[in-house]
Structures are given as C-alpha cells and as structure tokens.
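S.K.: The structure under discussion is supplied below as structure tokens; questions concerning it will follow.
Where a number appears in this text, it was derived from the coordinates with a stated rule and is not lab data. Since the structure is predicted, the reported quantities are computational estimates derived from the model, not experimental observations. Virtual Cβ from ideal backbone geometry, glycine too; neighbours counted across all protein chains shown.
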Amino acid sequence: MPNDDTHQTFLAHFGELKKRVLVSVAVLFVIGVVAWIYADPILAILIEPLKNAMMDLGGTDRLIMTSLTEGFVTRMRVALFTAFFVSLPFILYQIWAFMAPGLYKKERSILTPLLIASPIMFVLGACFVYYLVIPNAWAFFLGFQSSSMETALKVQSEVRLGAYLDLIMSFLFAFGVVFQWPILLILLGKVGVVSVASLQKMRRIVIVLSFVLAAFLTPPDIISQLALALPMIVFYEIAIVILRLMKTDKTS
C-alpha cells in the first residue's frame with residue numbers, strides 16, 4: 001500500500017497537471033472565439049495565394065460551397081486551426097512548467113532552448129510554405145486549365161472551399177512539423193539515443209524516407225515534394241553539425 005506522503009505527492013502532481021490542462025483549454029477556447037469572430041479576415045489570408053495565382057493564370061475567381069453546412073464548418077475549422085497555431089507557444093510552456101520541477105539542472109538546460117525554438121521553427125515552416133511553396137504549387141495546378149481553342153470548351157478550375165482549406169492547412173501543418181525535425185534530432189542526440197556516427201550511417205536511408213514522406217504529405221507534384229523533402233535533408237545535416245559542435249565544446 002502506498003504511504004500517505006506518496007499519495008499526497010501524487011495528488012499534488014495530478015492537481016498541478018489538471019490546472020495546467022484547464023488553463024490551456026481555456027486559452028484555446030478564448031483564442032478560438034476571437035478567431036471565430038475574425039474568421040473572414042483569416043480566411044482571406046489563406047485564400048490570398050490562390051487569388052494571386054488566378055489573377056496571373058486565369059480561373060473562376062471564386063470558391064464554391066457544395067453543401068449548406070460547408071460555410072459553417074469552414075468557419076469552425078478556421079477558428080480551431082488558428083487557436084492551435086496561436087496558442088502553441090503557451091501550451092508548450094505549460095508542458096515545460098509541469099515537467100521542469102522534476103528535471104535535473106542539466107536536463108533543463110537541454111530542454112529549455114529546444115522548447116523555445118520549437119514554436120519559432122513551426123512558424124518559420126508555415127511562413128516558408130506560405131510564401132515560397134504554395135504560390136508555385138498553386139501556379140502549377142492552375143497551369144492545367146485550358147482555353148476553348150485548345151480543348152473545344154474552356155477548362156477552368158472550380159475550387160471547393162472545404163477542399164481548398166484541407167489542402168492549404170495540410171501544407172501549413174506538414175511544413176510546421178517538418179521544421180521540428182532538427183529539434184527532435186538534437187534532443188535525441190543530447191540524451192544519447194542517437195550519435196553523430198549513427199546519424200551519418202543512416203544518411204542514405206533518411207534521404208529516401210524524406211522523399212517517401214513528402215510523397216504522402218504533399219499533392220502529387222514535384223515542386224511540393226521537393227520543397228518538403230529537401231528541407232528535411234538539409235535539417236538532418238544541420239542537426240549532425242550542431243551535435244558535432246556540441247560534442248567538441250564538451251570535450252574541449
């Protein structure tokens with residue numbers, strides 16, 4: 001039977017966890033409500049790359065809804081996506097604040113910079129895909145439209161709002177996650193799960209897996225796949241260099 005001290009310690013930890021979960025949920029809810037109110041301007045930001053591509057290459061210059069509920073569902077998804085995106089740093093801080101008292105000083109010194117870097121890298125990944133990848137991807141897809149002179153009847157892209165939101169949100173999330181790749185590798189290296197030597201041996205496997213993963217996470221066009229696979233490979237090499245420098249500093 002556990003003694004009273006152990007039971008009280010468990011209750012204290014559970015109470016702390018419950019408090020931080022409730023605070024995180026409350027922050028998500030508040031940001032979600034604000035995002036619901038401003039869903040139209042947020043949606044306008046998401047639609048902007050498609051608008052620009054249609055202005056350059058032609059198109060129907062509109063998005064369509066094919067069901068009565070699609071507008072409501074879209075607004076809800078925009079609010080939830082925005083709430084998660086904006087509150088991510090706060091949620092990571094709550095996780096860190098719960099774990100920190102039980103960690104040694106050395107462990108805290110390892111995790112602190114990585115937790116700070118994580119939301120920054122996620123935002124960088126989202127910005128990378130929004131400003132560099134998506135404009136080229138949308139131009140590629142719209143390039144398959146044709147005029148009546150080419151195909152007897154004009155062929156234009158009639159984009160459904162829900163499908164477009166699925167596509168651009170999957171892009172933003174996939175690249176945000178991929179930009180966490182070096183952080184994960186550095187963390188695994190610091191705790192001894194991997195080493196510089198083992199990462200170097202796995203280089204060819206990682207290159208192949210990067211392209212396989214890119215094929216699953218992006219639409220079937222070479223631009224999107226290269227744009228996802230190449231950063232993964234580059235980040236892998238950067239993580240190797242950083243771990244090597246950390247090892248050198250430690251031994252010097």
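S.K.: Picking from Leu124, Ile168, Val30, whose Cα lies most toward the positive end of the charge dipole for the chain (charges on Cβ: Lys, Arg +1; Asp, Glu -1)?
M.R.: So the residue furthest toward the plus end is Leu124.
S.K.: Do you know the relative contact order of the range 4-177, to the nearest whole percent, from alpha carbon pairs under 8 angstrom that are 6+ apart? Walk me through the numbers on the way to the answer.
M.R.: Numbers: 128 pairs, mean separation 57.5, N = 174.
With pairs under 8 Å counted, the relative contact order is 33 percent.
S.K.: Just to confirm the number: angle between the C-alpha axis of helix 203-217 and the first principal axis of the chain, 0 to 90 degrees, nearest 10?
M.R.: Once rounded, the angle reads 50 degrees.
S.K.: Could you tell me which chymotrypsin sites (Phe, Trp or Tyr not before Pro) in the range 25-67 are loop residues by DSSP with no more than 16 other beta carbons within 10 angstrom of their beta carbon?
M.R.: Tyr38
S.K.: What are the ³J(HN,Hα) couplings of the range 108-113, residue after residue, when phi is run through the Karplus curve with 6.51, -1.76, 1.60 and θ = phi - 60°? Round to Hz, x for glycine and proline.
M.R.: Residue by residue, the range 108-113 yields 5, 5, 7, 6, 4, x Hz.
S.K.: Go through the range 65-77 residue by residue and turn each phi into a ³J(HN,Hα) via Karplus (6.51, -1.76, 1.60, θ = phi - 60°); whole Hz please, and just put x for glycine and proline.
M.R.: Karplus-based 3J(HN,Hα) across the range 65-77 equals 10, 10, 8, 5, 8, 4, x, 5, 4, 4, 4, 5, 5 Hz.
S.K.: In the chain, with Lys and Arg counted as +1 and Asp and Glu as -1 at Cβ, which of these residues, Pro219, Leu245, Trp181, has the Cα nearest the positive end of the dipole, that is, farthest along it?
M.R.: Farthest along the dipole direction, towards plus: Leu245.
S.K.: While we're looking at this one, here's another question. Suppose only helical runs count, i.e. DSSP H with n ≥ 4. What mean residue ellipticity at 222 nm does that imply for the chain under -39500 (n - 2.57) per run, divided by all residues and rounded to the nearest 500 deg cm²/dmol?
M.R.: Estimated from H runs of four or more residues: -27000 deg cm²/dmol.
S.K.: Can you grab the distance from the C-alpha centre of the range 35-58 to the C-alpha centre of the range 149-166, Å, no decimals?
M.R.: Comparing the Cα centres of the range 35-58 and the range 149-166, I get a distance of 17 Å.
S.K.: Continuing with this model, one more query. Distance in nm between label sites at Leu57 and Gln200, each 7 Å beyond Cα in the beta-carbon direction?
M.R.: 4.3 nm
S.K.: Another question, if that's okay. Using +1 on the beta carbon of Lys and Arg, -1 on that of Asp and Glu, and nothing else charged, what's the dipole of the range 180-252 about the Cα centre, debye to 20?
M.R.: 360 debye
S.K.: Taking H as built 1.01 Å from N, whose amide H comes closer than 5 Å to the amide H of Ile64, not counting residues under 5 places away?
M.R.: Long-range HN contacts for Ile64: Val159, Arg160, Leu161.
S.K.: Using the Karplus equation 6.51 cos²θ - 1.76 cosθ + 1.60 (θ = phi - 60°), what ³J(HN,Hα) coupling, rounded to whole Hz, does each residue of the range 54-64 give in order, writing x for Gly and Pro?
M.R.: Those phi angles translate into 5, 5, 7, 10, x, x, 6, 6, 6, 10, 10 Hz.
S.K.: How big is the charge dipole of the chain about its Cα centre, in debye rounded to the nearest 20, if each Lys and Arg gets +1 on its Cβ and each Asp and Glu gets -1 on its Cβ?
M.R.: For this selection, approximately 860 debye.
S.K.: Which value results for Rg/Rh of the range 139-235 when Rg is the Cα radius of gyration and Rh the Kirkwood radius based on the inverse mean 1/r?
M.R.: The Rg/Rh ratio comes out at 1.17.
S.K.: Could you work out how far the C-alpha centroid of the range 195-252 sits from that of the range 101-136, in angstrom?
M.R.: What the calculation gives is 16 Å, centre to centre.
S.K.: What's the local net charge at Thr82, with K and R +1, D and E -1, over the other residues with C-beta under 14 Å away? Let's see the in-between values first.
M.R.: Values: positive: Arg75, Arg77; negative: Asp40.
Neighbourhood net charge equals +1.
S.K.: In nanometres, what is the gap between the two model label sites at Ile222 and Leu209, each 7 Å from Cα along Cα-to-Cβ?
M.R.: Result for the modelled spin labels: 2.6 nm.
S.K.: Let me know the Kirkwood hydrodynamic radius for the range 146-186, please, with Cα pairs as the basis and the value in Å to one decimal.
M.R.: Numbers: mean 1/r = 0.0757 Å⁻¹.
About 13.2 Å, per the Kirkwood formula over Cα pairs.
S.K.: Next question. Work out how much length Val34 to Ala100 would gain on full extension: take 0.36 nm times their residue separation and subtract the Cα-Cα distance, in nm to one decimal.
M.R.: 20.7 nm
S.K.: If you take P(r) over Cα pairs in 5 Å bins from 0, in percent from the coordinates, which of (i) 1, 7, 16, 20, 22, 18, 11, 4, 0; (ii) 1, 5, 10, 12, 13, 13, 12, 11, 8, 6, 4, 2, 1, 1, 0, 0, 0; (iii) 1, 6, 12, 17, 17, 16, 12, 8, 5, 3, 2, 1, 0, 0 do you get?
M.R.: Of the labelled values, this structure produces (ii).
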